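*Asks:* Handing you this structure, nothing more for now.
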Amino acid sequence: MLTGTLTQRMGLLVERGVFESEESLATSAYRSLLTLQPALKLEIALSLYQGEEISLGRAAEMAGVSREQMKEVLAARGIERKYPQRSQEQVDRDVRLLLERR
């Protein structure tokens, strides 16, 4: 996937001890990219949310926006909101806990 030149230059930085490994270099480059282009954080968060890998709250946190702003982004892009599926056992447990607090 990486070009030969890029791989070679990454290897040189590792050889010179600038980075411990190619993985640490890639991690640093990734973080720098997200710092330079913060809109990419939103795209990653949306992809993970759509794949049901993270919750709405976590997506908002990753993107650096509020939950309400994330809801607005989802609506603007026509992305359906996901609601976690809970078993009847989970619902019953939560109801019992709420009733015990009264």
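*Asks:* Can you name the residue in the stretch 73-96 that is surrounded by 10 or more Cβ atoms within 10 Å (Cβ to Cβ) and of a type in the set (Asp, Glu) and, of all such residues, is nearest to ALA59 (Cα to Cα)?
*Replies:* Among those that are surrounded by 10 or more Cβ atoms within 10 Å (Cβ to Cβ) and of a type in the set (Asp, Glu), it is ASP94.
*Asks:* Within the stretch 49-70, how many residues are farther than 17 Å from TYR30 by Cα and surrounded by 13 or more Cβ atoms within 10 Å (Cβ to Cβ)?
*Replies:* Going through the stretch 49-70 one residue at a time, the tally reaches 13.
*Asks:* What are the residue pairs meeting all of these: first residue in the stretch 45-58, first residue over 12 Å from LYS71 (Cα atoms), second residue surrounded by 17 or more Cβ atoms within 10 Å (Cβ to Cβ), Cβ atoms under 6 Å, and 6 or more apart or on different chains?
*Replies:* Partner pairs satisfying both residue conditions: ALA45/ALA59; ALA45/MET62; ALA45/ALA63; LEU48/ILE54.
*Asks:* Among what's in the stretch 1-19 and is part of a helix (DSSP H, G or I) and small (Gly, Ala, Ser), pick the residue that is modelled with the highest pLDDT.
*Replies:* GLY11
The values are calculated or read from the model by the stated rules, or taken from the named source; none is laboratory data. Note that the structure is predicted; figures quoted are calculated from it, not measured. Cβ sites come from the backbone with ideal geometry, for glycine too, and all protein chains shown count toward neighbours.
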